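Participant: Following this message is one structure expressed as structure tokens.
The values are calculated or read from the model by the stated rules, or taken from the named source; none is laboratory data. Since this is a predicted model, take the numbers as computed values, not measurements. Note that we place each Cβ from the backbone using ideal geometry, even for glycine, and neighbour counts take in every protein chain shown. We work out accessible area using only protein heavy atoms, side chains counted, and drop any ligands, DNA or RNA first. Shrake-Rupley method; radii C 1.70, N 1.55, O 1.52, S 1.80 Å.
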Amino acid sequence: MSQFLHQRPLHSPLSDPYPVSPRNSISFQRPMSLLNRTTLLVLLTLLVLLGVILPWIGTPQFMFPKTTSSLAKWRDYTLSQAVSFVAKNGTVIVCAVSQPYLPFLQNWLISISKQKHQDKVLVIAEDYATLYKVNEKWPGHAVLVPPAPDSQTAHKFGSQGFFNFTSRRPRHLLHILELGYNVMYNDVDMVWLGDPFRYLKGNHDVYFTDDMAAVKPLNHSHDLPPPGKKGRTYICSCMIFMRPTDGAKLVMKKWIEELQAQPWSKAKKANDQPAFNWALNRTAGQVDLYLLPQAAFPTGGLYFKNQTWVQETKGMHVIIHNNYITGFDKKIKRFRDFSLWLVDDHALESPLGRL
């Protein structure tokens, strides 16, 4: 406000024609009086502007970021809108997350950011808390496909809630393929150490990783491995890349059928992975499948338990999956033990910042 005082015209009606010493008490009262008038005038002008202009242009989101209207925007956000927004060069990277997994989402995102692929990530939120939290920090990068599963049980491996949570995955992926996009799916208990897109060679329909811990030769076949003791393969449903081909869509449709044929029960606590393997096995002759190299995409049962192999393949690892272990605390401890828990020191490298 002092700027206005110094710029007042010399012959303003408010000017004092008989100036006195600045030390005189009267000289301090006059500027204060003018300051009060100016402040009131500015406040009155702002109120008028807010009352007249905002109804026409709408309230800026930064002023009231958590209003009901802004929440409703994300509640109505569709998968097709979200994919269109985040996809880059026809490709989107997808994960599915419920609120208990937010620390793992953060860790995963930091590792992807280091490889400069974070802008094409879409978080499929499995509860509204996750939907709003991600979009508050990173607008447009989370979507919820109704109905939301029970978030209290969705994180417990082997539970019906976990089955309900994971069994939605092929429907989401099929929808994205039908929209015409390449899609990479990752579980969020993974860490990127390199750029996986360099390994997506050729124009195969579906790319995937082996879930077996047995060491393969570096030049192993990229064909679907032979079935194991249960009559099916042991491919991991945690890391999948697909092109929008008829073959990839067929695998997703078969996966959905297998999940419907083998629902969860207390006697048989099913999960999505056996159904994915049956889908691969039953479409193998019709679909162009590609097994990614084990050295680049090792399962947790190999990477965290065979340090001789890790040293022999040093520099080849691209995505590490923290499986073959259950429980949030155990997974975080293992990540920390192997210097793969990035949240503590690199949170600001995540698109979400500090959560």
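Participant: Determine if the stretch 328-349 includes at least one residue that is touching a residue at least 24 places away in the same chain (Cβ under 8 Å), surrounded by fewer than 21 Cβ atoms within 10 Å (Cβ to Cβ) and closer than 14 Å to residue 235 by Cα.
Facilitator: No, the stretch 328-349 contains no residue that is touching a residue at least 24 places away in the same chain (Cβ under 8 Å), surrounded by fewer than 21 Cβ atoms within 10 Å (Cβ to Cβ) and closer than 14 Å to residue 235 by Cα.
Participant: Please find, among 321, 317, the residue that is buried (at least 19 other Cβ atoms within 10 Å of the Cβ) and under 20 Å from residue 238 (Cβ atoms).
Facilitator: Answer to the check: 321.
Participant: Here is a check on your reading of the model: is residue 235 of a type in the set (Val, Ile, Thr), touching a residue at least 12 places away in the same chain (Cβ under 8 Å) and open to solvent by less than 10 Å² (accessible area, probe 1.4 Å)? Can you show your working first?
Facilitator: On the way: of a type in the set (Val, Ile, Thr): yes; touching a residue at least 12 places away in the same chain (Cβ under 8 Å): yes; open to solvent by less than 10 Å² (accessible area, probe 1.4 Å): yes.
In short, yes.
Participant: Evaluate the following for residue 216: is it part of a helix (DSSP H, G or I), open to solvent by 30 Å² or more (accessible area, probe 1.4 Å) and touching a residue at least 40 places away in the same chain (Cβ under 8 Å)?
Facilitator: So residue 216 fails the test.
Participant: Please count how many residues of the stretch 82-123 are part of a helix (DSSP H, G or I) and among the polar types (S, T, N, Q).
Facilitator: Total meeting the criteria: 7.
Participant: Which residue pairs have Cβ atoms closer than 9 Å, lie 6 or more positions apart in sequence or on different chains, and pair a first residue in the stretch 305-319 that is aromatic (Phe, Trp, Tyr) with a second residue that is modelled with pLDDT of 95 or more?
Facilitator: Final answer for the pair search is 309/215; 309/295; 309/298; 309/302; 309/303.
Participant: Something else about it: Is there any pair with a first residue in the stretch 245-260 that is under 9 Å from residue 170 (Cβ atoms) and a second that is of a type in the set (Asp, Glu) and in a helix (DSSP H, G or I) whose Cβ atoms are under 7 Å apart and which are 6 or more apart or on different chains, and what are they?
Facilitator: 259/272
Participant: State yes or no: is residue 278 open to solvent by 40 Å² or more (accessible area, probe 1.4 Å) and aromatic (Phe, Trp, Tyr)?
Facilitator: Against the criterion (open to solvent by 40 Å² or more (accessible area, probe 1.4 Å) and aromatic (Phe, Trp, Tyr)), residue 278 qualifies.
Participant: Can you name every residue in the stretch 75-87 that is at pLDDT 95 or above and within 12 Å of residue 146 (Cα to Cα)?
Facilitator: Within the stretch 75-87, 77, 78, 79 meet the criteria.
Participant: Another question, then. Considering only residues of the stretch 113-135 that are more than 24 Å from residue 145 (Cα to Cα) and out of contact with any Leu (no Cβ under 9 Å at 6 or more places or on another chain), which is surrounded by the fewest Cβ atoms within 10 Å (Cβ to Cβ)? Spell out how you get there, then give the answer.
Facilitator: Let us first name the residues in the stretch 113-135 that are more than 24 Å from residue 145 (Cα to Cα), namely 113-116.
With the extra rule that they be out of contact with any Leu (no Cβ under 9 Å at 6 or more places or on another chain), the set shrinks to 113, 116.
Working: 113: 18, 116: 8.
Among those residues, the one meeting the criterion is 116.
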